[in-house]
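Structure first, commentary second.
The values are calculated or read from the model by the stated rules, or taken from the named source; none is laboratory data. This structure is a prediction, so every number in the text was calculated from the model and none was measured. In this analysis, Cβ positions are derived from the backbone assuming ideal geometry, glycine residues included, and neighbour counts consider all displayed protein chains.
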Amino acid sequence: MVARGELSGSAREILAMAKEQHVPIQEVDRVRLDAITPNHQGMLAFASAYQYHTVEDMLALAKERGETPFLVILDGITDPHNLGAIIRTAECAGAHGVIVQERRAVGLTPAAVKASAGAIEYIMVARVTNLVTTLETLKQLNIWVYAADMAGESYEAVDYKGGVALVIGAEGEGVSRLVLEKCDKRVALPMRGKLDSLNASVAAGILLYAVLRSR
């Protein structure tokens, strides 16, 4: 965002570099900048919290390490604290990456980055437009897809050896029907109390370590 009016030499230079890098530039009244922060020099830049990777990057990392792929796929997670917590646990459990949706899901907001407790610096996160297409691609690469689902078999009875993509759905709704149809296996966590579901990041944590034990 740039204040309307004459620009000094250095400001012109910055704008020229921004244009070269295809950074969107918006001219606004100075009062608009004042409303965001009093400490500006006629210019403000908005940076994303994080540079997203690709699923291909994650698969390349697994190959580089001589490991079968271990990915986490989040279907409809909208709480940034859950996203951050899952990223943190995925990093601790040795996953190669976390895949989220571009739409109807939370991205790497400052709250999510903070909740990851620094893990975001060490694990890849990718955003994809279509989870079903992504799952089809992974399955062709001999990666087994496991969905956390109340109707599945006990998570303890499953052998997670080989390439793994673990799908975690939103609390309440769970994994969406179309995504569920593409999964190879559904795994369930036992519920012994009065409630019928766990926090998404807690469920993810239990399943991530079940996969790690098999690996």
Does ALA147 satisfy the condition of being touching a residue at least 40 places away in the same chain (Cβ under 8 Å), in contact with a Lys or Arg (Cβ under 7 Å, 6 or more places away or on another chain) and within 21 Å of VAL202 (Cβ to Cβ)?
yes
Within the range 63-75, of all residues that are part of a loop (DSSP other than H, G, I, E, B) and either touching a strand residue (DSSP E or B) at 6+ places or on another chain (Cβ under 8 Å) or not assigned by TED's automatic domain parsing to the domain that holds LEU178 (or both), the one nearest to THR134 (Cα to Cα) is PRO69
Take the range 94-121 and flag every residue that is in contact with a Pro (Cβ under 7 Å, 6 or more places away or on another chain) and within 26 Å of ALA210 (Cα to Cα).
HIS96, VAL106, ALA112, ALA115
On the basis of being assigned to a strand (DSSP E or B) and either on the phi < 0 side of the Ramachandran plot or of a type in the set (Gly, Ala, Ser) (or both), does GLY169 make the cut?
yes
Could you please tell me which pairs satisfy a Cβ distance under 6 Å, a separation of 6+ or placement on different chains, a first residue in the range 102-119 that is acidic (Asp, Glu), and a second residue that is surrounded by fewer than 20 Cβ atoms within 10 Å (Cβ to Cβ)?
GLU102/ARG127; GLU102/THR129
Hey, among ALA60, ALA117, which residue is assigned to a helix (DSSP H, G or I) and in the same structural domain as ALA170 (by TED's automatic domain parsing)?
ALA60
I want to confirm something. Restricting to the range 170-194 and keeping residues that are aliphatic (A, V, I, L, M) and out of contact with any helix residue (DSSP H, G or I) (no Cβ under 7 Å at 6 or more places or on another chain), which single residue is modelled with the lowest pLDDT?
MET191
Quick check on the range 120-138: of everything there that is touching a residue at least 60 places away in the same chain (Cβ under 8 Å) and over 20 Å from THR68 (Cα atoms), which residue is surrounded by the most Cβ atoms within 10 Å (Cβ to Cβ)?
ILE120
What's the total number of residues in the range 80-109 that are surrounded by fewer than 23 Cβ atoms within 10 Å (Cβ to Cβ), in a loop (DSSP other than H, G, I, E, B) and at pLDDT 95 or above?
2
Only residues in the range 190-207 that are within 17 Å of GLY84 (Cβ to Cβ) count as the first member; pair them with residues that are surrounded by 11 or more Cβ atoms within 10 Å (Cβ to Cβ) and charged (D, E, K, R), Cβ under 7 angstrom, at least 6 apart or cross-chain, and list the lot.
ASN199/GLU171; ALA200/GLU171
For SER214, are the conditions met, namely being over 15 Å from ALA95 (Cβ atoms), small (Gly, Ala, Ser) and surrounded by fewer than 19 Cβ atoms within 10 Å (Cβ to Cβ)?
no
Which one of SER154, SER197 is modelled with pLDDT of 95 or more, among the hydroxyl-bearing types (Ser, Thr, Tyr) and out of contact with any helix residue (DSSP H, G or I) (no Cβ under 6 Å at 6 or more places or on another chain)?
SER154
